[in-house]
Structure formats: structure tokens, C-alpha cells
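Undergrad: My questions all concern the structure below.
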Ligand code: SF4
Ligand code: SF4
């Protein structure tokens, strides 16, 4: 143990990307991230000793006060006592595929959907099993699925059930909600898994306009089933997410219908965000935050309180409301 500036991804994390493995998935800060662990990686066996050796190199540099330039400005850097007596992994981000059963208009994959749908991905099961066999996974961190749509991965059910069975105690899955997963249900029941389902609409018409698939009823049918699997009211492990897309789904009526559907489905927690490109332009051009949008954010916060819904504010939403003390 020792006090120095580092982050939990350098100490104990791995992020699997489409053609490489890196330390984390963060890239929007000044340093830009991209601390590669293995470039040109397409699912072959990995040498775990080599990976831990590379991590140790970064840790040793951090101990000497030499924080990598690529980490500059990252909000994950902390000066504290790090648990570095043993080498283990407890943060894993799975982000190595781009296929999806939805086609959201704001998604980066929509720029070249055909190509992203065909992009090959690799299986992680063999190396994850090896990590657990070596007893170098430790609970206490977080395992996250992003992607692409996780539930359509061939090894998804096996992988999630394996992780649950072997001690992973905090798994987060981001899903389109279109395909039901028994493994997600198992995780919800055991209180070790949370699912964040991408709704973005309160009506079928809007869902179809944003997702470009006609799966509104399926989405809420699955949401209801997941919510029913929740073991305890005090644990928010089923959430639906609404990304505000200015001039598209930003009406009180759309919000009200989405909130009603959450209540009817037994969902206790909602996630709210604002389209990334819109907020990036606001920031870059230092534009005034549109009043109608700030008012809508205030309305959502108020309604969530009235309905006793837990509200999780993602970064862009937080950015928009930050100067108005609405929360
Ligand atoms: S400090 Fe930030 S960019 Fe650097 S490894 Fe950690 S999470 Fe990634
Ligand atoms: S559900 Fe997620 S991955 Fe799929 S198209 Fe929408 S934003 Fe992209």
C-alpha cells in the first residue's frame, strides 16, 4: 500500500475493444487515453504475466509521480493509498463488438451501419476462464458490457452466467432491450447485475423514428419482465434510459408517456442524458443552453421526484443543468 496518483483501471482494469485491449475506455479528456495493453488483438490467447508486467510498469511510474501524458485531465485519477500488494483484475469493460439489433439515429454505428454490422468480433470466454482459473479476478470492482448489443453475442449467456457463478458481484449491461436475456434475469435476481435499457421514447412512433426498428412493444414487454425479477425495491437494477435529442423527442408529452411506462412496468430508476454531438457543439462554440431544454430538464427532475423514481444523470445532462441548481 502507498499513497500516489493513479486510477483503478491502471491498477486493476482491462478494456476489450474490437481489435485491441487497452487499460480503460476513456478518451474524451485532454490526454485522450488509449493506453494500449495489446494492439492487433483478435481473441488469441494472452500472456497474463505480460499484461500484469505492463500494468506494473505504469504503477511504478505513477509511484514516482510520472503520470502518463495520455491520462492528463482524466477524472479517474486520484491521489490515495492503492491496493497494490497483489496483482489482480476487478474492472473489466467489454466493448469489442459493434453489431446491434437497433439502429439509433444518434449512434456512431449509424454513420456506416452496414460495415459495423459485419465487423468481426472475437470470443472472450477462453481468456476470462483462464483469468478466473489463475485466481487473478477479485470481486469489488465492476464488469460492464457496452458494445454493440451484448445480448446478441453468441457467448453472452454463458459469459454472464459464468461471471455470476464465479464471484463477479457488480455487472452492468447496456442493452437495446429488444432481445430478452435469461442470464440478465439471473443477474437481476441475484442482485449482482444491473441492466440499463435504451428507451429514448414514450410512444411507438418516436421509438421507431429513433431506433429505426419497430420493437416498441417488445422493448416494454422485456422491461416489464426484467423489472419483475428485481428482488428488492431498494435496489435499482433495472433502468430505462432516455437520451434527449433536441427537436426530436424533447416534448413534455413524450417524457410523460415514457415516465408512465416506467411506472406501469415496475421500473424504479431512470437514466437521463442529452445527445452527445449536440452538447459537444454547445461546449465547443460556447453557445447558450436553449431555455426550452433547460426547462424540460427541470420538468423531468420534478416529475421523477413526484413519481418517486430514482434519477441517474449522465454527464451531458449534468453539464446542461449544472449552473441552474435543479437537482
Ligand atoms: S487515468 Fe483515465 S485515461 Fe488513464 S488509464 Fe486511468 S481511466 Fe484511463
Ligand atoms: S442500442 Fe446502442 S449500440 Fe445499438 S444502435 Fe442504439 S446506441 Fe448504437
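Coordinate-derived values only; no laboratory data. Fair warning: this is a prediction, and the values are worked out from it, not measured in the lab. Please note: Cβ atoms are built from the backbone with ideal geometry, for glycine as well, and neighbour counts cover all protein chains shown.
Undergrad: Under the 0.36 nm per residue contour assumption, what length would be gained going from the current alpha-carbon distance of residue 189 and residue 113 to full extension?
TA: Working: separation 76, 0.36 × 76 = 27.36 nm, distance 3.45 nm.
Gain on extension, residue 189 to residue 113, equals 23.9 nm.
Undergrad: How big is the convex hull of the Cα atoms of segment 192-259, per residue, in Å³? Please report the intermediate quantities before stating the final value.
TA: Numbers: hull volume 6.2 nm³, N = 68.
So the per-residue Cα hull volume is 91 Å³.
Undergrad: So, one more: Cut-off is 10 Å between beta-carbons; in what order do 53, 208 appear when sorted fewest neighbours first?
TA: On the way: 53 11, 208 14.
Going from sparsest to densest Cβ surroundings: 53, 208.
Undergrad: Identify which of 90, 237, 276 has the largest mean-square fluctuation in a Gaussian network model of the chain, with springs joining Cα atoms closer than 10 Å.
TA: Fluctuation is largest for 276.
Undergrad: Let me ask another. What are the semi-axes of the equivalent ellipsoid of segment 37-87, taken as the square roots of 5 times the eigenvalues of the Cα gyration tensor, listed largest first and rounded to whole Å?
TA: Working: eigenvalues 109, 45, 19 Å².
Equivalent ellipsoid of segment 37-87: 23, 15, 10 Å, largest first.
Undergrad: Once you put a point 7 Å from the Cα of residue 221 and another 7 Å from the Cα of residue 179, both along the Cβ direction, what distance in nm separates them?
TA: For the pair residue 221/residue 179, the computed spacing is 1.6 nm.
Undergrad: GNM, the chain, Cα, under 10 Å: largest mean-square fluctuation among 161, 18, 47?
TA: 47
Undergrad: On to the next question. Please identify, among 279, 297, 100, the residue showing maximal mean-square fluctuation in a Gaussian network model of the chain using a 10 angstrom Cα cutoff.
TA: 279
Undergrad: Also, quick follow-up: Could you line up 51, 210 from fewest to most neighbouring Cβ atoms inside 10 Å? Don't skip to the end; give the middle numbers.
TA: Numbers: 51 19, 210 22.
Exposure proxy ranking, most exposed first: 51, 210.
Undergrad: Right, next: Distance from the Cα centre of segment 132-185 to that of segment 261-291, in angstrom?
TA: Computed from Cα coordinates, the inter-centre distance equals 27 Å.
Undergrad: Roughly speaking, what is the stretch gain from residue 80 to residue 228, that is 0.36 nm per residue apart minus the C-alpha to C-alpha distance, in nm to one decimal? Let's see the in-between values first.
TA: Working: separation 148, 0.36 × 148 = 53.28 nm, distance 4.04 nm.
Gain in length upon complete extension: 49.2 nm.
Undergrad: Per DSSP H run of n ≥ 4, the term is -39500 (n - 2.57); total these for the chain, divide by its residue number, and report the mean residue ellipticity at 222 nm rounded to 500 deg cm²/dmol.
TA: Details: 12 runs with 121 residues, N = 327.
-11000 deg cm²/dmol, from helical runs alone.
Undergrad: Hey, another quick one. Between residue 209 and residue 49, what length comes free when the chain is fully extended (0.36 nm per residue of separation minus the Cα-Cα distance, one decimal in nm)? Please list the in-between numbers first.
TA: Details: separation 160, 0.36 × 160 = 57.60 nm, distance 4.86 nm.
Computed gain between residue 209 and residue 49 is 52.7 nm.
Undergrad: Could you give me the percent of Cα pairs per 20 Å distance bin for the chain, shortest bin first, beginning at zero and ending with the bin that holds the maximum distance?
TA: 29, 59, 12
Undergrad: Oh, and also: Using only alpha carbons, build the gyration tensor for segment 1-113 and give me the equivalent ellipsoid semi-axes, biggest first, whole Å. Spell out each step's value before the answer.
TA: Details: eigenvalues 159, 60, 26 Å².
In descending order the semi-axes read 28, 17, 11 Å.
Undergrad: In whole Å, what three semi-axes, largest first, describe the equivalent ellipsoid of segment 181-327 built from its Cα gyration tensor (square root of 5 times each eigenvalue)? Walk me through the numbers before you get to the answer.
TA: Values: eigenvalues 145, 58, 38 Å².
Taking √(5λ) for each eigenvalue gives 27, 17, 14 Å, largest first.
Undergrad: So, R0 is 41 Å and r is the distance between the beta-carbons of residue 257 and residue 56; what FRET efficiency does that work out to, to 0.05? Before the final figure, lay out the partial values.
TA: Numbers: r = 53 Å, r/R0 = 1.28.
Result of the calculation: an efficiency of 0.20.
Undergrad: More than 12 angstrom separation, counting every C-alpha pair in segment 139-195; what % is that?
TA: Numbers: 987 of 1596 pairs.
Percent of Cα pairs beyond 12 Å in segment 139-195: 62.
Undergrad: With both bridge residues required to lie in the chain, what share of the DSSP beta bridges run antiparallel, to the nearest 5%? Write out the running numbers ahead of the final one.
TA: Values: 9 of 41 bridges.
Antiparallel bridges make up about 20 percent of those DSSP assigns within the chain.
Undergrad: Please report the relative contact order for segment 18-117, taking Cα pairs under 8 Å with a sequence separation of at least 6, and give it as a percent rounded to a whole number.
TA: On the way: 84 pairs, mean separation 26.5, N = 100.
Relative contact order here is 26 percent.
Undergrad: On to the next question. Mind pulling the per residue volume of the convex hull built on the Cα atoms of segment 64-201? Å³ is fine. All intermediate terms of the calculation are to be shown ahead of the outcome.
TA: Numbers: hull volume 22.6 nm³, N = 138.
Residue-normalised Cα hull volume stands at 164 Å³.
Undergrad: How far is helix 156-165 tilted, in degrees, relative to the longest principal axis of the Cα atoms in the chain, given as a value from 0 to 90 rounded to the nearest 10?
TA: Once rounded, the angle reads 70 degrees.
Undergrad: Sorting 220, 97, 48 on the 10 Å Cβ count, fewest up front, what's the list?
TA: Values: 220 21, 97 24, 48 15.
With the fewest neighbours first, 220, 97, 48 line up as 48, 220, 97.
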